[in-house]
Every structure is written in C-alpha cells, then in structure tokens.
Amino acid sequence: MKLATIRTAEGTRAVRLDGDQLVDLGYTDLGELLAHADWQNLAATASRVTYDVGSTDFAPVVPNPSKIICVGHNYTHHIQEMGRELPSYPTLFPKFADTLCGADDDIVRPAETDALDWEVELTVVIGKQVRRADEERAAEAIAGFTVMNDISVRDWQFRTIEWTQGKIWDSSTPVGPYLVTPDEVGGVRPALEVKTVVDGHVMQGDNTGTLLFDPVHLVRYISTIVTLRPGDLIATGTPAGVGHARDPKVYLAGGERVITEITGLGACTNRIVKEV
C-alpha cells in the first residue's frame, strides 16, 4: 500500500493511493491511523470519498510524530567524503515536528545562513510501539518507508561538535509524499536507489542496500534507548554528494528546484526560496 496525509479545504486527511485516486481513510492523518493496532486492515477499507492525485497538496506524511530520530554517517562513501572513520554505533540526533513540511512545499532559505545543503534519506515510519525490540519485533514495528530531504544549515550545524542546531529550522524538512509498506519495496531491508537532483544535475546517488546500519538494526538500537511509537520517524542517513563536501562547496542560494527521490517511494520536489 501507498498511504499519505493530504491537505484539503476541511483540514488534513489520511488517504490510500488507488490508481490515480486517493481514497479517504476516515482519519485526519496517518499518525491517527497508525495509532490503531489494526491500521493495515483499516487502511484497506474502501471509501466513497476520493481525491485526484494530480491536484493533491501533500502534508508531511506524519504531521506530528512524537519523535523524529535522524542517523548520521550511515553510507560508507559519505563518511569518507566528510573525512571520518566508519562508526561502531549509529550517530543519532533529533528533529521536531515543527521542522517538517510537505513533499512539494517551498523551502525557505533562512536569512541567517549562506550554507544551505541537501540530504536525501530513506526514512522508516514506525507502526507499532516497541521498547528494547529484538530482531523480530523490530521488523514487525516497521510500517513502511518514505523520503526525507534532511535540509541542513551547515554553518550553524558546525558551530559546535553537536549538530542539532543546523538540522531543526522551522518547516525546512520535506517528508513524503507516501508511506510505502515493506511488501512493495522488497521487505524491511530494502535495496533502493536514492538520488538528489538540483536544477537537473544529479548530486547524490547510492543504494540503501549499502547502509552500515539497516532499518531493522536502527529500530533495535533506538528502541533500546527510548520507546518508539506509531508514527515516529527514523531518517537513516544520506549518501555522498552533499554540497558541503564538494570542492568548491556548493550551497542552495535560492531559486533552485531540488528533487530527492527513492525508487518505489516517490520524490520530494521543492523550490528553494529566499526569506523575505
């Protein structure tokens, strides 16, 4: 299944993709749907209310997750381009719901930075509450996957050795358009092509099969620390090709069209606009 949260004149709605139509599932968003233990059966239920895909305004796939955990240094080539050694454990940092925006929303370049950067990321959507999950429970907790562009404010990110302040700017992180269930992408350890295209130029390209710490491992590791709840997001890291690691460095100045795409999941397509 492919599920989404869309914006309508009456508010957000949880929907299922059915051909060229989106079927209303009777819930305000995917977070509300995923809170039900039998969400998969509920998501398969037919509805007479539909929306046309072509005119859809996508909200963040889960607008208000209880937590967003991001992973750094998880593709070998990206670790090498940043001049670091392969880590023994996942590098984690948080985002907040206010950081998220829709898959096709404009991204405002903050006036405080000249170092805005892109990061395509496979993102896990949690569908079942887990704490200290073993392999089986971790796999069962994965509702599906989506696309995130972990837009990074590099000059603020590297003001200190801790990155969070460069990762949590308001409405800077598109996530969506769809939550795609594992059965459609080869299971809970998918090998999917990921890429970033800026104004027609491919800037990042890799395969999620090369992740150091795969989605199941990350659910196990993170759930050891904190309870993962339905709707929580885990961004699994970005591959090589970010602007900050290029020589000379390349940043988003405003006006660019940035596409972050993962095979089978769809793409976030965002225009960078200057803050007025």
Can you name every residue in the range 241-263 that is buried (at least 17 other Cβ atoms within 10 Å of the Cβ) and either under 16 Å from the mean Cα position of the chain (by Cα) or of a type in the set (K, R) (or both)? V258, I259, T260, E261, I262
Within the range 181-195, is there a residue that is surrounded by fewer than 16 Cβ atoms within 10 Å (Cβ to Cβ), within 25 Å of D98 (Cα to Cα) and in contact with an Asp or Glu (Cβ under 9 Å, 6 or more places away or on another chain)? no
Within the set of pairs 6+ apart or on separate chains, which have a first residue in the range 140-156 that is among the basic types (K, R), a second that is assigned to a loop (DSSP other than H, G, I, E, B), and C-beta atoms under 8 Å apart? R154/T113; R154/A115; R154/Y251
Could you look through the range 80-126, keep only residues that are hydrophobic (A, V, I, L, M, F, W, C) and within 23 Å of T224 (Cβ to Cβ), and pick out the one that is farthest from the chain's Cα centre (by Cα)? L86
Might you check whether a residue that is modelled with pLDDT of 95 or more, surrounded by fewer than 23 Cβ atoms within 10 Å (Cβ to Cβ) and under 24 Å from K128 (Cβ atoms) occurs anywhere in the range 68-87? no
Of all residues in the range 212-240, which are within 18 Å of Q80 (Cβ to Cβ) and either charged (D, E, K, R) or surrounded by fewer than 23 Cβ atoms within 10 Å (Cβ to Cβ) (or both)? L212, F213, A240
If V124 satisfies all but one of (1) outside the structural domain of T260 (by TED's automatic domain parsing); (2) within 29 Å of N270 (Cβ to Cβ); (3) among the hydrophobic types (A, V, I, L, M, F, W, C), what's the number of the condition it fails? (1)
I'd like the residue in the range 6-42 that is closer than 19 Å to P182 by Cβ and of a type in the set (S, T, N, Q) and, out of all such residues, is farthest from the chain's Cα centre (by Cα). N41
Just need a number here: residues in the range 79-105 that are in a helix (DSSP H, G or I) and in contact with a helix residue (DSSP H, G or I) (Cβ under 8 Å, 6 or more places away or on another chain). 1
Can you find a residue that is modelled with pLDDT of 95 or more, under 19 Å from V175 (Cβ atoms), assigned to a loop (DSSP other than H, G, I, E, B) and hydroxyl-bearing (S, T, Y) anywhere in the range 7-19? no
How many residues does the range 246-265 contain that are over 18 Å from D106 (Cβ atoms) and among the small types (G, A, S)? 1
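The values are calculated or read from the model by the stated rules, or taken from the named source; none is laboratory data. Small disclaimer: the values here were computed from a predicted structure and weren't measured. Note that we place each Cβ from the backbone using ideal geometry, even for glycine, and neighbour counts take in every protein chain shown.
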